[in-house]
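Engineer: Would you mind keeping the following structure in view while I ask a few things?
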Amino acid sequence: MSLKYQPVNLAELLKHPHPSVDLRLDQYSRLTEAFTKSVRAYVARATSEIHARRDTHVKEIKIAGEKAKETEIAIARMKEQGMELMKVVAKEEAERKRVEGELNELKRALASSKAKCGALQTEIEQKRAHIDMLRADKNADRELLDRRADECVPELVQLQRKLRLGIEGINANLLQFRFPHMRDPAVECSIVLDHSSRTYKVAKCDPPLTNIGQLLDDLNESRQLYVFLIRVFESFQHV
């Protein structure tokens, strides 16, 4: 329902003895009351909407605050985990450097050992060659000694008869020569000769001779065993 405007004819109105204008106040009151109700309803709806939006906004702010707090806690936890991880990484880096240092040291030691092994191998080969040469020399000396022995056998037999010389093999490398003492038959003189190498050595001399060193040098130089034995016999006679 609406309040329609109707024009007022003032001339016609003044012709009446009791002029009056119908203001239609009842209709106006009803319209005003309806408008007021509409405004109140609108205000109520708006207020309710505002309250609802406010509550929603408060809830959203609360949820956002809780999420922000959870995010801060998560960030703090991640920072702590990051610090722990950095410590682990630093520890592993230090361990890696230590292991690399030990590995480099082992590599240097291995290289040094290889160099030493190479030097030792070279030395071993040289020693083997030297031993082979010594064996060859020893075999040659044995052959020479065998020939000399064959040549000296008659002379030794004569020495045994002439000097009453006793010869005894103690082992493969030692020969004992026993001489009688011409002035004192009870005294027995002996010398043990070591012929294990090219150079003769005296293993034992009883009684000791002061000139045995010189006699031995002459023997090693001349290689004449029977001359050496004669000189030893003569030296024993002066003891």
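Engineer: Using a Förster radius of 45 Å, what is the FRET efficiency between D55 and L25 based on their Cβ-Cβ separation? Nearest 0.05, please.
Structural biologist: 0.55
Engineer: Using a cut-off of 15 Å between beta-carbons, work out the net charge of the residues near D218 (Lys and Arg +1, Asp and Glu -1, D218 not included).
Structural biologist: With Lys, Arg at +1 and Asp, Glu at -1, the net is 0.
Engineer: While we're here: I want the local charge near E72. Using Cβ-Cβ distances under 15 Å, sum +1 for each Lys or Arg and -1 for each Asp or Glu among the other residues.
Structural biologist: Cβ neighbours under 15 Å give a net charge of +1.
Engineer: If contacts are Cα pairs under 8 angstrom and at least 6 residues apart, what is the relative contact order of segment 164-237 in percent?
Structural biologist: Relative CO of segment 164-237 lands at 22 percent.
Engineer: Here is a further query. Give the lysines reachable from K114 as a straight Cα distance under 26 Å; neighbours fewer than 8 places away on the same chain don't count.
Structural biologist: K97, K127
Engineer: Where a Cα-Cα gap under 16 Å defines reach, which aspartates and glutamates qualify for K79, not counting those fewer than 8 residues away within the same chain?
Structural biologist: Within reach: E70.
Engineer: Another one. How far apart, in nm, are two points set 7 Å out from the Cα along the Cα-to-Cβ line at A76 and at S38?
Structural biologist: 5.8 nm
Engineer: How many nm separate the modelled label positions at Q224 and H16, each set 7 Å beyond the Cα in the direction of the Cβ?
Structural biologist: 19.5 nm
Engineer: Here is a further query. Within 13 Å, Cβ to Cβ, of I61, how many net charges do the neighbouring residues add up to if Lys/Arg are +1 and Asp/Glu are -1?
Structural biologist: +3
Engineer: How much length is gained if the chain between E84 and K114 is pulled fully straight, taking 0.36 nm per residue apart and subtracting their Cα-Cα distance, in nm to one decimal?
Structural biologist: Between E84 and K114, full extension yields 6.4 nm more.
Engineer: Straight-line reach from K204: which lysines have a Cα under 28 Å away, not including same-chain ones fewer than 8 places off?
Structural biologist: The qualifying lysines are K138, K162.
Engineer: Treat each spin label as a single point 7 Å out from the Cα along the C-beta direction, and report the T122 to N171 distance in nm.
Structural biologist: Here the modelled spin labels are 3.8 nm apart.
No value in this document is a laboratory result; all are computed from the given coordinates. Not measured: the values here are computed from a predicted model. In this analysis, Cβ positions are derived from the backbone assuming ideal geometry, glycine residues included, and neighbour counts consider all displayed protein chains.
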